[in-house]
Amino acid sequence: MQKISVKGGKPLKGEVIVGGSKNATLPVMTAALLADSPCSIQNVPHLNDIKTMTQVLGKLGAKAELKDHKLSIDPAKFDKFEAPYELVKTMRASIYSLGACLARLGEAKVSLPGGCAIGARPIDLHLKGVEALGAKVTIEHGYVHAKASKLKGTTILLAGPHGPSLGATVNVLMAATAAEGTTVIESASIEPEVTELVDFLNAMGASIEGRGTPRLVIHGGKRLKGIEYSVLPDRIEAGTFMIAAAITRGDVTLKGAEISHLTAVSEKLRQIGVLVEESDGGLRVRSAGDYRPADVWILPYPGFPTDMQAQIMALLATVPGVSVITETIWENRFMHVFEMNRMGADIAIDRSHAVVKGVPKLTGAPVMASDLRASAALILAGLVAEGETLVQRVYHLDRGYERIEQKLSALGAEIKRLD
Ligand code: EPZ
């Protein structure tokens, strides 16, 4: 199994180009199934999750091919409705086939995702949404089976105990484009990846009002056609490089970052004492003087993103004083704490709070990544740790970061992949 070796101590300097967003590409890929002709999607990152979604589309009969960063999707032979366990267990976003299959084929059979390293990951809101549109849902042998001879528009409240759900909003949006009449989603997720899906569907010919707001109004039954589209930059990859610059006391310019999607991260970094400035076509992040501890509340967008929680923890672990991070989205997303503590960090967990006491230095160690963002955080910690950090289970990282070791090494980091 591959590992990443990082030797800490080099301040990162230079420019890095932010790639296309994984979490925006995945919904767009399934939405392309709703078109009556092929779609061509640009700026698609080369990641394992994108490969897995390509396989999901293949299982449904569609053709998807990624060359360079351009993905062609031909839905002409999309006539199957089952997303099998082997694919759903490697990537939960396979659940998006529920909305797409219901919309186009009136039937969907998707393996139940179950829990994972970051929490329980229920899909009750997805099911509530498609049932409200008229689908009959049964759960048998580990699969969700949904059927609807006709979907009918209605008003659906998608609020859950932890706020809105990105995934449920994606599924209901897709199903609602095929419903008769008007569907109103209240408490829709306003994460940029949902807004991207709204833009994509509207460009295909859908009629969705309220982009970027928690109230989406979908006038169903429009003919959707294949289009050319370019996916937005990945705000979590960008945020991870911002922290890489900050933690190494470096000076990095992120080219192509969408600044408006990074407000919470930029504001928190500024509070800590990091200089974050808009620069020509991007964002410049550099250190100037001492850092201060901070309290970080993880909240739905536009709050500080859960997908950046582990990374900001790596930074705060090196900042003198006591910081508190409160995770409100995923109840079990602190697995990286134990590995960071093995590198000399001083972090204690009390239910949803992590109390981070900054230490003067971290030391390199062999560490085990538990999920995608935890892997990135361990690499960030490794960038400033004394000696070598060996990050194992790199397959988590390859789900969401394209060539991260090459990008970091181009900025001056001592990092390499070992077979
Ligand atoms: C998306 O997951 C992202 N994944 C996650 O990123 C991200 O952490 C999450 O949104 C929150 O921003 C993708 O885009 C592929 P949710 P999703 O439904 O859609 C609860 C990464 O690292 N909930 O918005 O699965 C749920 O338990 C990944 O790239 C219900 O209660 O997240 C959570 O507390 C990890 N019932 C909250 O809502 C439901 O039916 C938000 O989950 C669905 C969700």
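Quick note: the coordinates plus some simple rules give every number you see, no bench work behind them. Every value quoted in this text rests on a predicted model; they were computed, and no experiment measured them. As a convention, Cβ positions derive from the backbone with ideal geometry for all residues, glycine included, and neighbour counts pool all protein chains shown.
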query = Three principal axis extents, largest first, for the C-alpha atoms of region 129-178, in Å?
reply = 28, 27, 14
message = Using amide H atoms built in the peptide plane, which far-off residues or other-chain residues are under 5 Å from residue 388 H to H?
response = 364
key: Qualifying aspartates and glutamates (Cα of each under 15 Å from Cα of residue 89; at least 8 residues distant if same chain)   = 49, 371
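How much length, in nm to one decimal, is gained on full extension between residue 149 and residue 322, taken as 0.36 nm per residue of separation minus their Cα-Cα distance? Provide the component values of the computation, followed by the final result.
On the way: separation 173, 0.36 × 173 = 62.28 nm, distance 5.74 nm.
Result for the pair: 56.5 nm of gain on full extension.
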remark   = Under the Karplus relation with 6.51, -1.76 and 1.60 and θ = phi - 60°, whole-Hz ³J(HN,Hα) for region 298-315, x at Gly and Pro, equal 8, 9, x, 3, x, x, 5, x, 4, 6, 10, 5, 5, 5, 5, 5, 4, 5
inquiry  = Distances longer than 18 Å among the Cα atoms of region 75-172: what percent of all pairs is that?
reply    = 43 percent
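Would you mind calculating the gained length between residue 346 and residue 419 on full extension (0.36 nm times residue separation, minus the Cα-Cα distance), in nm to one decimal? Display every interim value, and only then the final one.
Details: separation 73, 0.36 × 73 = 26.28 nm, distance 3.12 nm.
Answer, rounded to one decimal: 23.2 nm.
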ask   = At a Förster radius of 60 Å, what calculated FRET efficiency corresponds to the Cβ-Cβ distance of residue 80 and residue 255, to the nearest 0.05?
value = 0.90
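Could you sort out which of 51/150; 109/136; 63/136; 13/407; 7/268 sit more than 20 Å apart by Cα distance in this structure? Write out the running numbers ahead of the final one.
Numbers: 51/150 32 Å; 109/136 12 Å; 63/136 28 Å; 13/407 11 Å; 7/268 27 Å.
Those over the limit are 51/150; 63/136; 7/268.
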ask   = What does the charge count near residue 134 come to, summing +1 for each Lys or Arg and -1 for each Asp or Glu among other residues with Cβ under 12 Å from its Cβ?
value = +2
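Summing Lys, Arg as +1 and Asp, Glu as -1, what charge do residues with Cβ under 12 Å from the Cβ of residue 87 carry, residue 87 excluded? Could the numbers behind the result be given before it?
Numbers: positive: 51, 59, 89, 92; negative: 49, 82, 86.
So the environment of residue 87 carries a net charge of +1.
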query = Dividing the convex hull volume of the Cα atoms of the chain by its residue count, what figure in Å³ per residue is obtained?
reply = 122 Å³
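On alpha-carbon atoms, Rg over Rh for region 270-366 using Kirkwood Rh? Before the final figure, lay out the partial values.
Details: Rg = 14.0 Å, Rh = 14.2 Å.
Here Rg/Rh amounts to 0.99.
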task = Distance from a point 7 Å along Cα→Cβ of residue 403 to each backbone N in region 1-43: keep the residues under 15 Å and list them by number.
result = 15-20, 43
ask   = From the backbone phi of region 38-51, what are the Karplus-calculated ³J(HN,Hα) couplings (6.51 cos²θ - 1.76 cosθ + 1.60, θ = phi - 60°) in whole Hz, Gly and Pro given as x?
value = x, 10, 10, 10, 9, 6, 8, x, 8, 9, 5, 5, 5, 4
Residues with amide H under 5 Å from that of residue 346, placed H, sequence gap 5 or more = 357, 359
query = So what's the net charge close to residue 227: Lys and Arg +1, Asp and Glu -1, counting the other residues with Cβ under 12 Å from its Cβ?
reply = -2
request  = Round to the nearest 0.05 the FRET efficiency obtained for residue 278 and residue 203 when R0 = 30 Å and r is the Cβ-Cβ distance.
outcome  = 0.60
request  = Output ³J(HN,Hα) for region 179-194: one whole-Hz value per residue in order, computed from phi by the Karplus curve 6.51 cos²θ - 1.76 cosθ + 1.60 with θ = phi - 60°, and x for Gly and Pro.
outcome  = 7, 6, x, 10, 10, 10, 9, 9, 6, 5, 5, 10, 4, x, 5, 6
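So for each of 167-176, 220-229 I average, over its residues, the number of other beta carbons within 10 Å; can you give me the resulting order with the highest mean first?
Values: 167-176: 28.9, 220-229: 16.9.
Ranked by mean Cβ neighbours within 10 Å, highest first: 167-176, 220-229.
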note = The long-range amide H neighbours of residue 9, using H built 1.01 Å from N in the peptide plane and a cut-off of under 5 Å, are 384, 385
